[in-house]
Amino acid sequence: MLRLVESIKVQDGVVYNLEHHQERMDRSLYKLTGEKNRINLAEELIVPAENFTGLYKCRVVYMNSIELVEFLPYVRRDIRSLKLIHADIDYPCKYEDRTGLNSLFAQREECDDILIIKNGLVTDTSSANIVFTDGEAWFTPAAPLLHGTKRNRLIAENKLIERDISAADIEKFSHASIINAMIDPEEILIRTDFIYSSQ
């Protein structure tokens, strides 16, 4: 079985969004093994004293049990432009092996990251879910490659609206933003005219 990963925000010793990370671990292991998960993140994730100050990405590698926990100082990438890449790729679980995604990322040319179009619809960037705003509300693709933990929480809190978004729909929005466990909406704002077609 391919190893799985959870990337969890830890700031000043506080672990964020643990409930949704646990849900994804449970869902991923059930999908891959047909068995219910026996890993309890709340019990196994202990933040060392030296990581009580500052912002860290806690990287948990696991299969049927946790194999590695590491706390990495987090520095956010500056993303201002995206390249549309059409690809038939599957990434339903957060696998440690990102070969397919890395291959697509390598096609970004002068852009900072990619935005993957699958079956004519917007999905995700290489490492985050995407959200769009029309100035009044925030929208996210209904069929992402990966159901991110931040995305799931914001949908549950009625802060994000799911809908199908085609490449042609992008120009209807003023800005895009990427979200993942480490990044909230609006922390990185990308003007939609800085999202470039690959054609």
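Please treat every number below as a calculation from the coordinates, not as lab data. What you see is a predicted model, and the numbers here were worked out from it, not measured in a lab. FYI the Cβ positions are ideal-geometry reconstructions off the backbone, even for glycines, and counts take in every protein chain you see.
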Restricting to the range 9-41, give me the number of residues that are of a type in the set (Gly, Ala, Ser) and surrounded by 12 or more Cβ atoms within 10 Å (Cβ to Cβ). 2
Could you tell me whether the range 95-107 includes any residue that is of a type in the set (Ser, Thr, Tyr) and surrounded by fewer than 16 Cβ atoms within 10 Å (Cβ to Cβ)? yes
Qualifying position, being out of contact with any Gly (no Cβ under 6 Å at 6 or more places or on another chain), of a type outside the set (Ser, Thr, Tyr) and either farther than 26 Å from Asp26 by Cβ or part of a helix (DSSP H, G or I) (or both), among Leu154, Leu146: Leu154
Within the set of pairs 6+ apart or on separate chains, which have a first residue in the range 28-55 that is at positive phi, a second that is exposed (fewer than 10 other Cβ atoms within 10 Å of the Cβ), and C-beta atoms under 7 Å apart? Gly54/Pro73
Filtering the range 46-66 down to residues that are closer than 24 Å to Leu145 by Cβ and among the charged types (D, E, K, R), which residue is surrounded by the fewest Cβ atoms within 10 Å (Cβ to Cβ)? Arg59
Scanning the range 1-30 for residues that are more than 19 Å from the chain's Cα centre (by Cα) and not aliphatic (A, V, I, L, M), the one farthest from Tyr62 (Cα to Cα) turns out to be Asp12
Filtering the range 9-20 down to residues that are outside any helix (DSSP H, G or I) and in contact with a Ser or Thr (Cβ under 8 Å, 6 or more places away or on another chain), which residue is nearest to Leu45 (Cα to Cα)? Gly13
Verdict on Ala168 being surrounded by fewer than 21 Cβ atoms within 10 Å (Cβ to Cβ) and assigned to a loop (DSSP other than H, G, I, E, B): no
Failed criterion for Asp193 (all others in (1) loosely packed, with under 15 Cβ neighbours inside 10 Å; (2) of a type in the set (D, E, K, R); (3) in contact with a strand residue (DSSP E or B) (Cβ under 9 Å, 6 or more places away or on another chain) hold): (3)
